[in-house]
1. Given an 8 Å cut-off on Cα distances and at least 6 residues of separation, report the relative contact order of chain A as a percent.
2. Any chance you could check the Cα centroid distance between the range A:7-28 and the range A:243-263 for me, in angstrom?
3. Give a residue-ordered list of calculated ³J(HN,Hα) values for the range A:269-275 (Karplus: 6.51 cos²θ - 1.76 cosθ + 1.60, θ = phi - 60°; whole Hz; x for Gly, Pro).
4. Over the whole of A:190-200, what's the average partner chain Cβ count within 10 Å per residue? Rounded to a whole number, please.
5. I want to check the label-to-label distance for B:Glu37 and B:Ala131. Put each point 7 Å from Cα in the C-beta direction and report it in nm to one decimal.
6. Do me a favour and compute the ellipsoid semi-axes for the range A:242-325 from its Cα gyration tensor, root of five times each eigenvalue, largest one first, whole Å.
7. Using DSSP, restrict attention to beta bridges with both residues in the protein assembly as shown and report what percent are antiparallel, rounded to the nearest 5.
8. Springs between alpha-carbon atoms under 10 Å, Gaussian network over chain A: tell me which of A:Thr299, A:Thr168, A:Thr327 tops the mean-square fluctuations.
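No lab work stands behind these numbers, since they all come straight from the coordinates. Model, not experiment: these values are computed from the prediction. Positions of Cβ are generated from backbone atoms using ideal geometry, with glycine treated the same way; all protein chains shown enter the neighbour counts.
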Number of protein chains: 2
Amino acid sequence: VTWQTLQWIGGPDGHLTCIDQTRLPAELVLHECRTAEAVWEAIRQLRVRGAPAIGIAAAYGVVLGVQAVADDDPAALRRRLDEVLAYLATSRPTAVNLFWALERMRQVVQTAPPQTPVSALKEALLREARAIHDQDRVLCRAIGRHGAELIADESGVLTHCNAGGLATAEYGTALAILFTCQDQGKRLHVYVDETRPLLQGARLTAWELVQRGIPTTLICDNMAAQLMREGKVQAVVVGADRIAANGDVANKIGTYGLAVLARAHGIPFYVAAPLSSFDLALASGDPIPIEQRPAEEVTHLAGQRIAPQGVAVYNPAFDVTPAHLITALVTERGIIRPVERAAIAAQVGSHAPSPARPAEPAAR
Amino acid sequence: VTWQTLQWIGGPDGHLTCIDQTRLPAELVLHECRTAEAVWEAIRQLRVRGAPAIGIAAAYGVVLGVQAVADDDPAALRRRLDEVLAYLATSRPTAVNLFWALERMRQVVQTAPPQTPVSALKEALLREARAIHDQDRVLCRAIGRHGAELIADESGVLTHCNAGGLATAEYGTALAILFTCQDQGKRLHVYVDETRPLLQGARLTAWELVQRGIPTTLICDNMAAQLMREGKVQAVVVGADRIAANGDVANKIGTYGLAVLARAHGIPFYVAAPLSSFDLALASGDPIPIEQRPAEEVTHLAGQRIAPQGVAVYNPAFDVTPAHLITALVTERGIIRPVERAAIAAQVGSHAPSPARPAEPAAR
């Protein structure tokens, strides 16, 4: 595997390239972002997707957003920074890593001495974005190591959406666990939900798994229950976009239904995510804003209309899985099991800066 | 609503037209069948689909299959009939109405006096096919009347696949209940699972509902759980392809998962089907053959590949929902509740001729 989801080219005046995930698996296209607006668009249009990757891209978006500030005007940089942070926070409302990464970028400038020159601030911002990027690489490996302990040899594992290398700096969260199992010589069979409407499972996860030579079977989302009933699934492993203090998990629509089905069939349900996906300011998942996406994602396929004129569409991007349906959470620090407030606080508590996220769902 | 799913044009030498359901909702195209082979192909390719409609089409297919028999050779007609019956039985392995309708056609000839002229047998076969067709119209209305008692005013109702007018002679089974509610002035909101891979919900059910002016919202299959969690669904209503003596129901893939989700949310789960869908020779749903359909239905959409090369596909056409998850069955004779062997035998017992179905799943 030689591709990189996100890559920064050059110094503080450089630019970002990202794999355009909307073009996979047909073609591997690099998409250039030279402005904060281009990053916002790439996130909104799902060219960049996956909570960790969104955070990294947004951090680089901040670097791009302050490039035009004159080198002799530090006050202008601070004003522009606030603007860019607020703007990038509106790109996707659910992924908390976005707000977490933007908060880290804010603190770089906030904690710098007032007399710091603009050029030094720009360099420090790039350094921080690169650090977020590099740290994600390392923590994905750690998630993989911890999570692999949960998966027995010769398991059938079901996953949903894409929590793989494309969704992170590399290696992934949920998929990191499967990749680590493979490295350890465990023989898995992975079942992939296609994940309507945007088919991230069929297009992205199946692509990553096949590239690595892992036996992979694609299913439609509505086939998961039958697969479980046939005894083919020993574990479900998914990622997360936001995890509340009590362990409720916001993730791609369909995750909650899978968790209900897994419970009904006695199958363990694991959620893998970095500490930056935890939002301890949220007591539970109830207030997490559920992004509604455009009707056309459901009514059209490959440019063709598949539903009649006049039909309404319900198209939530996410759902919330209550903690009681989750067997264990896997982070870079280890396994949280059972999924309870105290255990989460003990492992996550010291990590996250209070994220500067909007109180209300972003307008769209 | 002026269209007819199936229409026989002319006398014993006439032909069948069917709405090509693979072309909806983009266009309403009538497909002509002038041979038994054309009917077999129309069923296999899902131009005609829905258990009752398949039974009716197969009956007309028998009429077509014996047209070429010379009028002076009654033995040839009986030989040819056996051939055609065996052949048409291989078109779809799961729908029991198919075998039930073929058995009715067989008995027309079997019970005719040996000296009956070929022309009279051909006429009797057409009369029987027309009777099956007409009886389906009447029983759909009865199913609608009985089932409407189960649905309260202002309910949100979720349905899966298409158990509507297109799947039957007209009016439908599951949808007949909703159409009857509408006629009674009940205000429903209907949620329609798109029903991957072939999108019968998006293409066919949404089309039928919008045509009748019923408020309709399309969802992807993996959104049903979230919809239930939000309290938007007061009942789930689906059709059936085969019902065993104990009440286990074979129906479109995804039905079983919906039933598990409905139970987890305390939502009643109703199955509407004519008595001809019951197979009392089956003690339970376990031995029902589950048709596996081609991988391309999942890997390709509108002619475009959406999954990488090298991925395997699991594509069962049906699943089996165990009786204990079903709140009630609705037939043309009334409501069966609770869904138990004795209640089923009492209502269905006297109805079905022992169906001449293959012991094994059809080869494909």
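1. That works out to 17 percent.
2. Spelled out, the Cα-based centre of one part sits 30 Å from the other.
3. Working through the residues one at a time gives 10, 10, 10, 10, 6, x, 4 Hz.
4. Values: counts 0, 2, 3, 1, 11, 2, 7, 5, 1, 3, 0.
Counting other chains' Cβ atoms within 10 Å and averaging over A:190-200 gives 3.
5. 3.1 nm
6. 29, 16, 11
7. Bridges in the protein assembly as shown are about 50 percent antiparallel.
8. Sorting by GNM fluctuation, first place goes to A:Thr299.
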